Amino acid sequence: MASTIIDAQFVDYLLIFIYFAVVLGIGLLARRQISDSLDFFLSGRSLPAWVTGLAFISANLGAVEIMGMSANGAQFGIPTVHYFWIGAIPAMLFLGVVMMPFYYGSKVRSVPEFMFKRFGTGAHLVNAISFAVAQLLIAGINLFLLGSIIHALLGWPLWVALIVAAAIVLSYITLGGLSAAIYNEVLQFFVIVAALLPLTLIGLHRIGGWDGLKDGITSAADAHPDTIAPAADQLNSWPGTALTGFSSDFWSVVGIVFGLGFVLSFGYWTTNFVEVQRAMASNSISSARKTPIIGSYPKMFVPFITILPGMIAAVLVTEIADVKAGETVAGGASGEGVTYNDSLLYLMRDVLPNGLLGVAIAGLLAAFMAGMAANVSAFNTVWSYDLWQRYVVKDRGDQYYLVVGRIATVAAVIIAIFTAGLASNYSNVMNYLQTLFGFFNAPLFATFIVGMFWKRMTPTAGWVGLVAGTLAAVLVGVASEDALGSLSQGWIGISGQGASFVAAGAAFVVDVVLSVVVSGFTRPKPVEELRGLVYSETPREDLVDPEEASRPWYQRTLPLAGIALVMVIILNVIF
Amino acid sequence: MPRTQHTAGAFDIRNIIGGLIGLYGIILVLMGIFGDKELDKTGGVNANLWAGLVMLVIGIAFLTWARLRPVRVPEHPESGERDAG
């Protein structure tokens with residue numbers, strides 16, 4: 001075992017084993033409660049808001065988030081918080097306040113199905129297929145990181161670890177459906193906090209507190225001015241030039257606010273079915289609206305247990321500090337050299353005693369499994385309802401589509417094993433993922449928001465906007481220096497996260513412009529078909545829960561959203 | 001109320017959270033007292049003990065919450081009895 005990064009002992013394995021026993025137990029318990037396909041896919045719309053709210057952020061708090069954000073923290077420092085405080089939170093609040101009533105009220109079973117009702121077949125097909133493909137890719141990334149943890153822990157070859165990990169995820173989704181996935185996500189949230197909070201606190205203690213961290217980052221930046229961004233850029237969130245790679249402060253701020261904040265994050269959080277599915281599983285329109293809003297409270301503080309330990313690792317852990325100084329270090333979770341993605345693993349090795357180490361490993365495994373399970377369960381819903389039932393085999397019984405869903409789950413896991421291989425070629429997973437978001441999500445948000453508020457927008461404009469927007473993003477990706485790896489040609493001088501922000505912005509603008517232009521030439525849907533889908537055609541009472549006004553303020557949507565907004569503004573001002 | 005209801009019992013997510021976090025707490029406290037404290041790694045803090053105690057408290061809090069306000073599963077889902085959420 002000397003060759004593995006982490007030296008686990010009996011007690012650590014015991015803690016991990018307990019976690020897995022509980023996870024599989026949930027699957028078995030949930031199985032007893034499943035009676036029809038709505039139960040399997042949407043948990044029978046019966047869960048309370050705090051459960052779906054935590055699941056909402058847990059579904060996203062997977063491998064990509066934890067490893068990617070700590071990697072970004074190690075590399076760029078504080079500016080990474082923009083993903084949370086400019087990106088996620090405003091978008092989550094917008095979803096809860098403005099968009100959720102349409103999703104929940106129109107009784108659709110998926111986001112693509114909303115697309116179908118509003119725009120018909122063209123836009124629906126584009127959305128359903130691109131979403132399904134993206135989920136398979138992201139499931140692959142989660143699986144890759146899950147496999148690399150097992151590799152780091154047990155020393156198994158990566159491909160063996162991948163297959164074992166995939167088998168475990170598969171068993172718990174097929175057993176319990178969305179209920180089991182959501183229960184595990186909620187549980188996972190607590191285990192992750194139990195894993196990362198002590199890691200952060202002990203790391204901070206070791207390094208001499210916040211001041212020690214600042215000193216460490218400053219001296220590292222001074223020693224290697226050619227490879228490390230200046231300490232001032234790493235310790236202040238604005239203007240974030242280290243993150244975007246833009247030389248101009250002004251354009252960096254514009255890129256973050258418009259590209260990341262408005263387009264990428266709104267696109268991701270408001271139209272991504274992985275997230276919205278959690279809210280759809282809740283028990284009323286009021287709970288559905290509160291789901292992302294309740295989720296936004298813990299989400300605000302996630303940076304402190306993901307980005308901060310990444311920053312600590314870059315100072316405290318020799319290997320990561322060397323990588324940051326531009327050296328190549330052998331080792332790493334994948335066995336092919338240390339990368340920023342390994343920051344947390346090395347920090348765990350250096351500061352956690354056996355016992356807490358087991359909790360930390362269980363937490364990471366939990367997060368990666370839950371992330372992958374979320375992708376797979378969203379995939380099988382879209383595949384069964386939106387692709388198979390709508391276009392291939394139409395009028396069969398409920399049990400039939402339940403079986404289709406189970407087969408889709410198995411197929412998705414097998415495909416994810418192959419996409420995991422694809423993911424392993426990218427050193428900074430976040431970069432790769434942001435690129436995908438830009439291609440699929442940015443035009444989607446534009447189409448949704450124009451379609452929800454402009455009844456003249458036509459079905460043709462729906463799919464034309466989506467396709468053109470996606471192509472615009474791909475074009476920017478190809479023209480950039482490195483957004484698409486070796487495919488990029490370097491025609492324009494943007495790279496890294498900045499290139500993703502520009503690609504997203506281009507997709508959004510192209511989508512909106514073309515939607516307006518094409519709507520001018522084609523015929524809109526008759527207004528009577530737009531009730532519940534377009535703001536001006538939907539009676540106000542359809543959009544709110546009549547019981548909500550009688551509840552105390554802390555159970556109502558708007559006051560909760562307002563408080564969250566004030567808190568996130570305060571956080572932005574402090575850092 | 002003639003309508004029969006049963007509680008969610010073990011399937012109540014709060015019992016599962018409370019049970020797991022509480023059990024982790026107990027194991028960590030035992031490690032903190034009897035195990036290798038590895039103070040060189042943690043910078044002189046008995047990390048297992050303190051983390052274990054905090055987890056134990058959180059675990060008990062969840063179990064208590066579930067005990068005090070149990071989820072009632074209505075016989076007919078449409079009738080919409082809400083839980084303590």
Looking only at lysines whose Cα falls under 18 Å of A:Lys107's and that sit 8 or more positions away or on another chain, we get A:Lys117, A:Lys290
Residues meeting the amide H criterion for A:Leu47 (H placed from the backbone, H to H distance under 5 Å, 5 or more places apart or on another chain) are A:Ser282, A:Asn283
Cα-based Rg and Dmax for region A:256-395, in Å, come out at 20.0, 61
Output field shielding_mean for A:197-203 (other chain Cβ, 10 Å radius) holds 4
For A:Val64, A:Val502, the accessible-area ranking with a 1.4 Å probe, largest leading, is A:Val502, A:Val64
Under the 7 Å Cα-to-Cβ spin-label approximation, A:Val403 and A:Leu475 lie apart by a distance in nanometres of 4.7
Rounded to the nearest 100 Å², the accessible area buried between A and B, both sides, probe 1.4 Å, is 2900
For region B:12-70, the accessible surface attributable to carbon and sulfur atoms (probe 1.4 angstrom, ligands and nucleic acids excluded) amounts in percent to 74
So the carbon and sulfur contribution to the accessible area of region A:71-174, 1.4 Å probe, in percent, is 78
Each label sits 7 Å from Cα toward the beta-carbon; between A:His205 and A:Phe304 the label points are separated, in nm, by 1.7
Expressed in nanometres to one decimal, the distance between label points 7 Å along Cα→Cβ at A:Thr522 and A:Arg456 is 1.6
SASA check, A:Val467, accessible area w/ 1.4 Å probe, all protein chains in place, rounded to nearest 10 Å², comes out at 50
Sequence order, region B:44-60: Karplus ³J(HN,Hα) from phi using 6.51 cos²θ - 1.76 cosθ + 1.60, θ = phi - 60°, Hz rounded, Gly and Pro as x, gives x, 9, 7, 5, 4, 4, 5, 4, x, 4, 4, 5, 4, 4, 5, x, 5
Once A:Ala325 and A:Lys394 are pulled to full extension, the length gained, defined as 0.36 nm per residue separation minus their Cα-Cα distance, is 19.0 nm
Expressed in µm² per second, the diffusion coefficient of region A:60-129 from the Stokes-Einstein equation, with Rh the Kirkwood radius over alpha carbon pairs, at 4 °C and 1.567 mPa s, is 89
Expressed in angstrom and ordered largest first, the alpha-carbon extents of region B:12-70 along the principal axes are 45, 15, 14
Scalar couplings 3J(HN,Hα) for region A:386-402 by Karplus 6.51 cos²θ - 1.76 cosθ + 1.60 (θ = phi - 60°), nearest whole Hz, x for Gly and Pro, are 8, 9, 5, 5, 7, 10, 9, 10, 8, 9, 10, x, 4, 4, 4, 6, 5
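The values are calculated or read from the model by the stated rules, or taken from the named source; none is laboratory data. Computed from a prediction, not measured in an experiment: that's the story for all the values here. Here Cβ is always computed from backbone atoms with ideal geometry, including for glycine, and neighbour counts include all displayed protein chains. Quick note on the areas: whole protein, heavy atoms, side chains included, nothing else; ligands and nucleic acids left out. Shrake-Rupley method; radii C 1.70, N 1.55, O 1.52, S 1.80 Å.
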